[in-house]
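Heads up, the thing below is written out as structure tokens.
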Amino acid sequence: MTTPTLYNYDLDENCYKVRLLLSHLGIEAETIAVDVMPGKEHLSPPILAMSPKGALPILKHGNLVLTEVEAILVWLARTYDPDKKLLPEDPDTLGRVMMWLSFSARTLDVAVAARATALMDMPGDIEALRRKSYDAFRIMDDHLTIQQFRGEAFLAGGTLTVADIALFPSFALSRDFNIDHDEFPALRRWANTLRLIDGFITMPGIPDYH
Amino acid sequence: MNFEGWYPLLLVADVGPKKAVGTRVQGKEFVLWRDSHGSTHVWEDRCPHRGMKMSLGFVRGDHIACLYHGWEYDRGGQCQYIPAHPDLDVPQTIKIPRYPVIEAGSIVWACFQEPDSELPPFLELPSPSCGFKSIFADCPASRVAELIEKTPFNGVAPKVTAKSDRVLEIVLEGGTLTAAVQDVCEGHMAMHMSFDRFKASADQIPYSIWADQLRRDLETAARDIKTSEFAA
Ligand code: FES
């Protein structure tokens, strides 16, 4: 099977999710660095032709061009995970995976915006974004507490799925926008578990301890 | 700042081996960390070098290292190693203030009074106990006790008894909780809860859902209190 090409920016947590999954799956993808800061290369015509919003990551495989990180994670899992653990077929677990992927895209997007506002001077109301991110983390923390009572360590069940990979970085990077991990014991435990998965990799702001 | 007696900081289970976590009491920052022998340490959350939070640091064996420039401190709070000057015999004065700690009722407690003063007595807590859950809420710690009864469990109002100014007993159907209230900072509190006997994990789920509702109710009530005080 030919390997996919990833258009990547190292400081973008959505790109990191894809790099993390690729590494976990043991796949060497061709990676093309996009100079977002300061080059603004993500707004160049060749990138916009693939990703009209200028959003990264972009994954290319033959004629297939995918944007939107959740779709990329799902495609990679379906294509390269023969055991179908990362994207299970059982409808209930799959439903839960999709629920958390939607949560990542629709609710936790405030954390991505909070970080971009804090670190990259993206315009935004940082206080409001921080508050909303905090509320989203609470929902995750409450859920993971109950998961723990059920004897399950991950978001959608007892094993790692793409949902965990989609939600992990925003929490791991929350100090970038001034939310400490102190008030989220279940998230701390979950994040520590994720640091131990096969092929775990770091990014600036996400060390392999803590 | 006036500290008196023992302060609850978190559930024993919520600081893993070789992990560090930050907390606050009346706005003052502390780090809790657990060394490789399983002992818990509570220190001022401030690196003497440039003031970085030690709770962002990492534990290596029986040392905790600051994230910023890697200064390493031993269990006594004494700086032992400065990476930029590996051969330096580190002065004894580079030391982080540390505080007495006890673990009781599945909760970690610390005492912040003068280092050489006598330790205050510790309240008798149910033993054995079973660590349950901590909630954090935008609600003044002083108002919590009176508000808990307003969040029913299985349709019944909890029965709340104050055991001390920071320890409550909450009787719910089928389970009794010890709840230790932490005054995190103005308008923000934490409540660390444990059952007074072993409770199977799966049986704790309804109580967990209740605790989440309690947090929402506390925050709503605290907002109402604020609005009415403002109006008055
Ligand atoms: S601030 Fe802690 S080592 Fe420099």
**Prompt:** Among the listed residues A:ALA163, A:ALA186, A:ALA191, which satisfies the condition of being assigned to a helix (DSSP H, G or I), among the small types (Gly, Ala, Ser) and free of Cβ contacts under 8 Å to residues at least 24 places away in the same chain?
**Reply:** A:ALA191
**Prompt:** Hey, does the range A:41-49 have a residue that's under 18 Å from the mean Cα position of the chain (by Cα), surrounded by fewer than 22 Cβ atoms within 10 Å (Cβ to Cβ) and not assigned by the TED database to the domain that holds A:SER170?
**Reply:** no
**the range A:122-152, residues that are within 18 Å of the chain's Cα centre (by Cα) and of a type in the set (Gly, Ala, Ser)** = A:SER133, A:ALA136
**Complete:** Of the residues in the range B:42-54 that are near the ligand (Cβ under 8 Å from one of its atoms) and in a loop (DSSP other than H, G, I, E, B), the one that is nearest to the other protein chains (Cβ to nearest Cβ) is B:MET52
**Message:** Just the residues that are open to solvent by 60 Å² or more (accessible area, probe 1.4 Å) and over 23 Å from B:ALA200 (Cβ atoms), please, taken from the range B:160-182.
**Reply:** B:ALA162, B:LYS163, B:ASP165
**Item:** Whichever residue in the range B:77-98 is within 21 Å of B:ARG24 (Cα to Cα) and open to solvent by less than 40 Å² (accessible area, probe 1.4 Å) and, among such residues, is nearest to the ligand (Cβ to nearest atom)
**Value:** B:ILE96
**Asked** Among (1) part of a strand (DSSP E or B); (2) in contact (Cβ under 8 Å) with a residue 60 or more places away in the chain; (3) open to solvent by 10 Å² or more (accessible area, probe 1.4 Å), which single condition is B:ARG143 missing?
**Response** (1)
**Request:** Output the residues belonging to the range B:180-232 that are among the aromatic types (Phe, Trp, Tyr) and outside any helix (DSSP H, G or I).
**Result:** B:PHE195, B:PHE198
**Prompt:** If you go through the range A:98-109 one residue at a time, how many are open to solvent by 20 Å² or more (accessible area, probe 1.4 Å) and part of a helix (DSSP H, G or I)?
**Reply:** 7
**the range B:55-72, subset under 22 Å from the mean Cα position of the chain (by Cα) and more than 9 Å from the ligand (Cβ to nearest atom), residue surrounded by the fewest Cβ atoms within 10 Å (Cβ to Cβ)** = B:ASP62
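The values are calculated or read from the model by the stated rules, or taken from the named source; none is laboratory data. The model shown is predicted, which means the values in this text are computed figures rather than measured ones. Every residue, glycine as well, gets a Cβ built from its backbone with ideal geometry; the counts of neighbours run over all protein chains shown. Calculation scope for accessible area: heavy atoms of the full protein, side chains included, ligands and nucleic acids excluded. Shrake-Rupley method; radii C 1.70, N 1.55, O 1.52, S 1.80 Å.
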